[in-house]
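Below: the structure, in structure tokens.
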Amino acid sequence: MALEGGAEAVRATLRNSKLDESLYSLDEEESAFFKSLTGIDDDEALKQHILKVQNDAFEVWPFPCIRRFSFTKLKISRLPAYPQLLTLGKHRQGAILLDLGTCFGNDVRKAVIDGFPVRNTIGSDIEPAFWRLGHELFNSSPETFPSTFIAGDVFDPVFLETHPLPKATPDDSVPKLDTLTSLNPLQGRVSAIHASAFFHLFAESKQRELARAVAGLLSPDPGSLILGVHAAAPEKGIRRAAGGEKPFELFCDSPESWKEMWEGIFEPGTVKIETELKEMPNSAQSTGIDMQFWEMSWSVTRV
Ligand SMILES: C[S@@+](CC[C@H](N)C(=O)[O-])C[C@H]1O[C@@H](n2cnc3c(N)ncnc32)[C@H](O)[C@@H]1O
């Protein structure tokens, strides 16, 4: 997989790092979620099942989020804007949810459990092996979990092209989701776009390019939203950590610069942008990267 910016450095840093099962811990809600979806009731059996899939996924690509079990953390449902997403799924006819950089599809599954119609959901990732491992993780199949998966690189215009923002929802019919091979036919039609632990993989200029392309997918109808959580910092800039084969670098927005980026994409007064910055414990043990970091939950809502 060829990735930009911080991601290749992460790979170099983590290639030789061992998985650490002491990082596994499910709270009550996470445990109930996994037990109900996998059908595995026994705590130890569930743990061994999750460890096996984690190990297989780490072989595919050693993302820190896989190492620290962040796929078990019900990330999407803990975002402040999550109730808005569920409202769209319940009350907007045909509302589509797209999860970018979906990995195992855990966040899509959470939204589906909470009521978003599964046939209107799409997971997308450059690495289809993760989606297949998601079926293994949740003991499901494309028949029992009929969410659409579309593989592709968000920086490939054949897969995701940047378009001017639509002024109105396109009035031709929505293409059948399970026939899609790229995101391009969805321009202006997606009601909710979730992108967690995704933007921060890329260099600053690439994040700007990605945001513009993603904004083009969003439906202009009021209430449509883009949301996620990722690494950020009180001051915008590149953060560096030593310790790997290559020095590790991560471009972090501040809440202000993140807001400015979206304000530069959408016309003034057409979106409400919300952010929440939280300081996290040093990530050395959980990711192998010795760095102080912050997480920013954010949402961009069409008004
Ligand atoms: C750090 S994981 C985040 C997974 C999940 N969203 C979460 O929050 O736990 C990043 C995901 O983005 C995918 N990815 C990386 N670069 C990509 C690209 N250029 N286009 C599409 N997906 C990409 C990876 O394969 C991986 O599944």
Place a point 7 Å from Cα of Phe58 in the direction of its Cβ. Which residues in region 73-91 have their backbone N less than 19 Å from it?
73
Under a straight-distance cross-link criterion of Cα-Cα below 24 Å, which lysines are reachable from Lys176, leaving out those fewer than 8 residues away in the same chain?
Lys90, Lys110, Lys167
Roughly what % of Cα-Cα distances in the chain sit above 30 Å, to the whole percent?
29 percent
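Say R0 is 45 Å: what FRET efficiency, to the nearest 0.05, do Asn282 and Ala129 get from their beta-carbon distance?
For R0 = 45 Å, the calculated efficiency reads 0.90.
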Ranked on Cβ counts within 10 Å of their own Cβ, fewest leading, Leu250, Leu19, Leu210, Leu177 go Leu19, Leu177, Leu210, Leu250
What's the FRET efficiency of Asp153 with Glu204 using the Cβ-Cβ distance as r and R₀ = 25 Å, to the nearest 0.05?
0.85
What lysines could a cross-link reach from Lys18, if we take a straight Cα to Cα line under 26 Å and drop same-chain neighbours fewer than 8 places away?
Lys47, Lys52, Lys73, Lys75, Lys246
Find the Cα radius of gyration of region 186-272, compare it with 2.2 N^0.38 Å by division, and give the number to two decimals.
1.20
So what's Rg/Rh here for region 138-206, counting alpha carbon atoms and using the Kirkwood radius for Rh?
0.99
Sort Trp258, Trp61 so that the residue with the fewest other Cβ atoms within 10 Å of its own Cβ comes first and the one with the most comes last.
Trp61, Trp258
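Just so you know, all these numbers are worked out from the coordinates, no wet-lab data involved. This is a predicted model, so every value here is computed, not measured. Methodologically, a virtual Cβ is constructed for each residue, glycine included, from the backbone with ideal geometry; neighbour enumeration extends over all protein chains shown.
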